[in-house]
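Nothing in this text is a laboratory measurement; each read-out follows from the coordinates by a stated rule. Just so it is clear, the model here is predicted, and its values are computed rather than measured. A quick note on method: Cβ atoms are made from the backbone with ideal geometry, for glycine too, and the neighbour counts reach across all protein chains shown.
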Amino acid sequence: MTYVVTENCIKCKHTDCVAVCPVDCFYEGENMLVIHPDECIDCGVCEPECPVDAIRPDTEPGLEMWLALNTELAGIWPVIDEQKEPPPDAALWKDAEGKLAHLSRNAVSA
Amino acid sequence: MTSTANLSPADFTSDQEVRWCPGCGDFAILAQMKKLLPTLGVRPENTVFVSGIGCSSRFPYYLETYGLHSIHGRAPAIATGLKHTRPDLQVWVVTGDGDALSIGCTHLLHALRRNVDIKILLFNNRIYGLTKGQFSPTSLPGLVTGSSPEGTTHQPLHPLSIALASKATFVARSIDTNAKHLSETLRRAAEHKGSAFVEIFQNCHIYNDGAFDFAKNAAIRDDHLVQLEHGAPLVFGKERNKGIRLNGSQLEVVTAENGDVPSNLLVHDELSPTATIAHMIAAMSHPDMPEAIGVLRAVSEPTHNELMHDQNPEPAERSAALERLLRSGETWTVN
């Protein structure tokens, strides 16, 4: 199994998960994080840290698309191993619906 | 099914829910083990994990191999008996610093000196975690725990030093979250013929968080770790400008002023017939010295099973010899 980052992360991108991950397996895009499934050790420490409940174990049903997305984007985006400030408008997007349409596939800008 | 060609991590993953604290280093070790096992050419039903008592000793539950969650400290003895009678099996021992170095310390020594072909993994977190935080045989002086409210006062045991003193033929160290290094070290241990001992720095982030920060924190670890490679000089440091040199009877750190690699450094020899230098490397302790990871020693000696076989190669004759021993006189009848 692995944990995966899901839709709630988009445009929120809190990085509390990054601060606790023991193996630095989060990768950073412009407005979302993903987990590298081959590097995740399934320890679960990140799941309760996420303020917007975006991290789920892939053993939950219906997450196939998110597993594929995490796998793909982790191969493109750079690793993030230090916590940083969330976007200034993160709170506005917390409970927004249909956030997938806003996903940027771009890596975070250096 | 006898083929080992198409095995995958899923073939070695049990249906049990993994129960360690979220963030535990044990997850990282389990993850690498599940990736490694399918590549070793041994089927799950020919693989056995024997553990003692402690957080680490939950390991066998999570692998779809044979497993025995055994008696506190006695995993090496049980594994010895198993390998003695079933030399066809690949036998691993999973233990911790409390299990292996306190209640089970003498079992560990004797399994190693007998060169039984078992692979002993010691998850060292320098704390008793399962019993909620008491100092262990590897806790550092001054550590405040539930059982040492004013700090521990004793010197820690060095697992590598103990393994070397016990004549272990393979001695190595790695780090839970260093996936590549850990995987390669475990592979070397698996492929070694004879007793293999691997100490793994394992973070207990509940009761002893950061115990190995010097070795895991990317910002500082390069200045506090020497990665051993057979035939290579002991060079370390973020700038790769520090090294270990033998000065008289002591090891010392030397730093090149001009940014080059220092000269006259100790060259690592894992095959050395004497373990003298390995003992010195094993004793290097943070913060005075960098600590070593990698294979300290890997030498070839006859295994326990080979020696027993050579002593009496015929199975029928071995049975007969046992029978003669049992009926050899010097017996008493108790009324």
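Dividing the alpha-carbon Rg of the range B:1-64 by 2.2 N^0.38 Å yields what?
1.14
Over the protein assembly as shown, DSSP H runs of length four or greater, each weighted -39,500 (n - 2.57), average out per residue to a 222 nm ellipticity of -6500 deg cm²/dmol.
Please compute the average number of Cβ atoms from other chains found within 10 Å of each residue's Cβ in peptide A:53-66. All intermediate terms of the calculation are to be shown ahead of the outcome.
Details: counts 0, 0, 0, 0, 0, 0, 1, 0, 0, 0, 0, 0, 0, 0.
The shielding value for this peptide is 0.
The tail of the calculated P(r) for chain B, taken as Cα-Cα distances beyond 29 Å, holds 42 percent of the pairs. Phi angles across the range B:296-301 convert, under the Karplus curve 6.51 cos²θ - 1.76 cosθ + 1.60 with θ = phi - 60°, into 3J(HN,Hα) values of 6, 8, 8, 10, 9, 9 Hz, Gly and Pro given as x. In a DSSP loop and with at most 12 other Cβ atoms within 10 Å, the GluC sites (Glu not before Pro) in the range B:129-233 are B:Glu150. Neighbouring Cβ atoms from other chains, within 10 Å of the Cβ of residues in B:29-35, number 2 on average. Annotation: amide H of B:Gln134 within the under-5 Å range of B:Tyr128, sequence separation 5 or more or interchain, hydrogens built in the peptide plane. DSSP beta bridges confined to chain B are antiparallel in about 35 percent of cases. The modelled label-to-label distance between A:Ala110 and B:Leu322, using points 7 Å beyond Cα along the C-beta direction, is 6.9 nm.
Using only side-chain charges placed at the Cβ, +1 for Lys and Arg and -1 for Asp and Glu, the dipole size of the range B:26-100 relative to its Cα centre rounds to 120 debye.
So for the range B:44-126, considering every pair of alpha-carbon atoms, how many percent are separated by more than 14 Å? Could the numbers behind the result be given before it?
Details: 1851 of 3403 pairs.
Tail fraction, whole percent: 54.
Between A:Asp89 and B:Glu257, what FRET efficiency comes out of the Förster formula 1/(1 + (r/R0)^6) with R0 = 60 Å and r the beta carbon distance, rounded to 0.05? Walk me through the numbers on the way to the answer.
Values: r = 52 Å, r/R0 = 0.86.
Plugging the Cβ-Cβ distance into 1/(1 + (r/R0)^6) gives 0.70.
Against the empirical curve 2.2 N^0.38 Å, the C-alpha radius of gyration of the range B:190-239 lands at a ratio of 1.47. In whole percents, the pair-distance distribution calculated for the protein assembly as shown from its alpha-carbon pairs, binned every 10 Å from zero, is 4, 19, 26, 24, 16, 7, 2, 1, 0. The label point for B:Ser285 and the one for B:Lys132, both projected 7 Å from the Cα toward the Cβ, are 3.0 nm apart. Taking Cα atoms, how many degrees apart are the long axis of helix B:75-85 and the longest axis of chain B, rounded to 10 and kept between 0 and 90? Rounded to the nearest ten degrees, it is 50.
With Cα atoms defining each centre, the range B:165-180 and the range B:114-154 are spaced 17 Å apart in the structure.
Using a 10 Å cut-off around each Cβ of peptide A:37-43, what is the average number of partner chain Cβ atoms that fall inside?
Details: counts 0, 3, 3, 2, 15, 8, 13.
Taking the mean over all residues of the peptide, I get 6.
If you model the range A:3-78 as an ellipsoid using its alpha carbon gyration tensor, with each semi-axis the square root of five times an eigenvalue, the axes come out at 14, 14, 13 Å, biggest first.
Mind putting a number on the dipole of the range A:3-78 about its Cα centre? Charges go on the C-beta only, +1 for Lys and Arg and -1 for Asp and Glu, and I need it in Debye to the nearest 20.
On the way: 3 positive and 15 negative charges, 41 e Å.
Roughly 200 debye for the range A:3-78.
Summarising the amide proton neighbourhood of B:Val93: residues at separation of 5 or more, or on other chains, whose placed amide H is nearer than 5 Å comprise B:Val50, B:Lys119, B:Ile120, B:Leu121.
Grab the other residues whose beta carbon is less than 11 angstrom from that of B:Ala218, score K and R as +1, D and E as -1, and report the net.
On the way: positive: B:Lys216, B:Arg221, B:Lys238; negative: A:Asp24, A:Asp81, A:Glu82, B:Asp213, B:Asp222.
Summing Lys/Arg as +1 and Asp/Glu as -1 gives -2.
Taking other residues whose beta carbon is less than 12 angstrom from the beta carbon of B:Tyr62, and scoring Lys, Arg as +1 and Asp, Glu as -1, yields -2. To the nearest ten degrees, helix B:25-36 and the longest principal axis of the Cα atoms of chain B are 60 degrees apart.
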